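Some notes on the structure that comes next.
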Amino acid sequence: MSTTTAPARRVPASAPVTAPTPAAPQARDWWRRAVVYQVYPRSFADADGDGLGDLRGITSRVGHLAALGVDAVWLSPFYPSALADGGYDVDDHRAVDPRLGTLEDFDAMVRALHAAGIRVVVDVVPNHTSDRHAWFREALASPPGSRARGRYVFRDGRGPGGDEPPSSWRSIFGGSAWQRVVEADGTPGQWYLHIFAPEQPDLDWSEEEVREDMLETLRFWADRGVDGFRVDVAHGLVKDVDGHLDVHVEILDTGIEGGNHPLWDRDEVQEVYAQWRRDVLDAYDPPRSAVAEASVHPDRRARYADPLGLGQAFNFDLFACGWDAGEMRRAIDGGLAQMAAGSSATWTLSNHDSVRHTTRFGVPPREGVGSQEAAKAWVTSDGRDPVDLDLGLRRARAALLLELALPGAVYLYQGEELGLHEVADIPWEAVEDPIAVRSGGEEKGRDGCRVALPWTQDWPTFGFGPEDGALPGMRQPAWFGAVSAAVQDGVPGSTLELYRAALRRRRELTTADDALTWVDDAPGVLHLERPGGWRSVTNLSEVDVALPAGELLLASDPAVVAGGALPPGTSAWVRVPGDDGR
Ligand code: BGC
């Protein structure tokens, strides 16, 4: 059982920086129990027909988001970018990629979303810029030791002529984490750190100018009516590079406790977020929210969700689970227990970095391999390894009801409301993800969940763009038409209608009481009770289980009836007489 309390508020005496956008919803704590829908702008909807999704495309689909019933959208980066990492290589944090629109288009989009009662969260990428950012270009043109280089992590190389990288660290996307530059006089020069792709040089957060600039970025978007921020790689930023150049650091080993890892989750990073909270987030009325993407040891997650810092943090534990009741129960219990006082739990099954869970749940488990890894192996096999797509979809529908029954906020990923599967057979020429590119195709990367959405059955872009428009770089597979939004709209039992009904019901059923009580009645079953007298039952076993008698509120399979059998791979919400004391 778990209950949240309101965070302490410290609105400064000074007036709010701007008046809130007129149509913006005012509640301060909206993010606690919100259903947030992640839009990956470049593959959501293409209004101008250049083959790339854009802001006007998002505005044109506000009706879809409103009918779905989401509380907020989170936009992955829409900033100018060479797309070396899907937009997470940002050229200018305070501008819109001209291919995606203008600031006026952004304002119009925010107005339309707010008018539909939908809040807006934007991604900020504070750990690095792109290598096309004005600061980085200035750094390349400036000598070693200059102020311009000091905004990034430039170091001399080792060995004769400085030909060796400053340390043995590997980048998350493969290869060395250091890239050598050519100095202005044409000679081989210093090296700079890039934890991700070489096109994403890491910033040096010990520099005051770097800190101030991000505050400006936050204010820039908050002034335009943005309600909150998703903070990319929130556990990065502050590093102790020089103390560790001699040490081989496992770049992905973020599980080290104690805040002493040279690159990740250092205790000092919380000072950055305390300043964001004090100087920006709480300087607005209503305060702007923030959610941390922090891949840290679960015991340290709460630090990122501190109300005096970012306030909320993603929990990727459920996201990592296979179709296994024990694993999921542990993830849920852990998520509730680790919730920071004054924050709320968060749940997610898919995002732009994962194999879609609809497919993941159909990939057979592998001994000693996590569900995400097993699914990645399936993608890398070009879809030739066995997978049961129908089973995956069936389980994904059941998982939705489980997730939405939990206390806290839920983050959905675009296209999951259509039951979209991963696209596993993207041809090499179309591949975009640096993980795939840098591994020479050995890894397939994350492109398969970033293919342009199908809105209609209309060939050739399935309503993603105008009929005579350019095709998206990653072509949509032929099967997309049959699962498009238009085909599912109004069709009883469709995945789209299940999502709409589930979000509607959740809104009716959710109270301010975040208690959750497990009802332990059968192996392989996740049966929980929520305040207000309703239950969610999910059958993860291989056999039918009995569903309690009462009023059936919703089921993931239309054949389910209250008091009847709940087949494997299904969920139901039931109101049981007497549960709420009536
Ligand atoms: C984002 C990724 C991105 C990386 C580097 C993440 O965690 O979600 O898509 O590649 O940060 O910015």
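Across the range 175-187, computed HN-Hα scalar couplings (Karplus, 6.51 cos²θ - 1.76 cosθ + 1.60, θ = phi - 60°) run x, 5, 7, 10, 10, 8, 10, 9, 6, 4, 8, x, 8 Hz from first to last residue, x flagging Gly and Pro. Each Lys and Arg contributes +1 and each Asp and Glu -1, all at the Cβ; summed about the Cα centre of the range 78-196, the dipole is approximately 300 debye. Annotation: amide H of LYS444 within the under-5 Å range of THR380, sequence separation 5 or more or interchain, hydrogens built in the peptide plane.
Near VAL410, the amide H atoms lying under 5 Å from its own belong to ALA34, VAL35, VAL36, TRP347; only residues 5 or more places off or on other chains count, and H is placed 1.01 Å from N.
In the chain, a dipole from Cβ-located charges (positive for Lys and Arg, negative for Asp and Glu) runs towards its positive end, and of ALA562, ASN539, THR102 it is ALA562 whose Cα lies farthest in that direction.
Considering only TYR152, ILE172, TRP347, the residue lying farthest towards the positive end of the dipole of the chain is TRP347, judged by Cα position with unit charges set on Cβ. The fewest-to-most ranking of TRP205, TRP378, TRP30 by surrounding Cβ atoms within 10 Å reads TRP30, TRP205, TRP378.
Most simply put, the chain has about 55% antiparallel DSSP beta bridges, counting only bridges with both residues inside it. In this calculation the C-beta distance from ALA501 to SER439 is compared with R0 = 51 Å, giving a FRET efficiency of 0.80. Available extension along the chain between GLU373 and GLU508 is 44.9 nm, counting 0.36 nm per residue and deducting the alpha carbon span.
In the calculated pair distance distribution of the range 134-193, what percentage of Cα-Cα distances lie above 12 Å? The share of Cα pairs beyond 12 Å in the range 134-193 comes to 65 percent. Its relative contact order, with pairs defined as Cα atoms under 8 Å and 6+ residues apart, puts the range 515-575 at 31 percent.
Projected label points at VAL491 and ASN260, each 7 Å from Cα along the beta carbon direction, are separated by 5.8 nanometres. Take 394-402, 327-335 and order them by the average number of nearby Cβ atoms within 10 Å per residue, most first; the result is 394-402, 327-335. Compared with the direct C-alpha span, the chain from ALA482 to ASP299 gains 61.5 nm at full extension, assuming 0.36 nm per residue. Structural descriptor for the range 136-282: relative contact order 20 percent, calculated from alpha carbon pairs under 8 angstrom and at least 6 residues apart.
With the helix formula -39500 (n - 2.57) applied to DSSP H stretches of n ≥ 4, the chain reaches a computed 222 nm mean residue ellipticity of -6500 deg cm²/dmol.
At an R0 of 30 angstrom, the distance between the Cβ atoms of ARG366 and ASP333 translates into a FRET efficiency of 0.75. For VAL291, nonlocal amide neighbours, meaning residues 5 or more places apart or on other chains whose placed amide H falls under 5 Å from its own, are PHE229, ARG230, VAL231. Axis angle, to the nearest 10 degrees, between helix 103-115 and the longest C-alpha principal axis of the chain: 20 degrees.
Remark: the Cα gyration tensor places the range 471-582 in the prolate category, a/c being 1.5 or greater and a/b exceeding b/c. Per residue, the average separation of C-alpha pairs within less than 8 Å and at least 6 apart gives the chain a relative contact order of 14 percent. Once both labels are positioned 7 Å from their Cα atoms along Cα-to-Cβ, the gap between TRP518 and ASP267 label points is 3.4 nm.
A simple rule links phi to the HN-Hα coupling: the Karplus curve 6.51 cos²θ - 1.76 cosθ + 1.60 with θ = phi - 60°, which for the range 534-549 gives 9, 10, 10, 10, 10, 9, 9, 8, 9, 10, 4, 10, 7, 8, x, 6 Hz, with x for Gly and Pro.
Relative to its residue count, the range 515-575 spans a Cα convex hull of 67 Å³ per residue. Over the chain, the hull volume per residue, using the convex hull of the C-alpha atoms, is 153 Å³. For the range 491-508, 3J(HN,Hα) computed residue by residue from phi via the Karplus equation (6.51, -1.76, 1.60; θ = phi - 60°) reads 8, x, x, 5, 5, 4, 5, 5, 4, 4, 5, 5, 5, 5, 4, 4, 4, 5 Hz, glycine and proline entered as x.
None of the figures in this text is laboratory data; all of them are computed from the coordinates on show. Just so you know, these numbers come straight off a predicted model, no measurement behind them. As a convention, Cβ positions derive from the backbone with ideal geometry for all residues, glycine included, and neighbour counts pool all protein chains shown.
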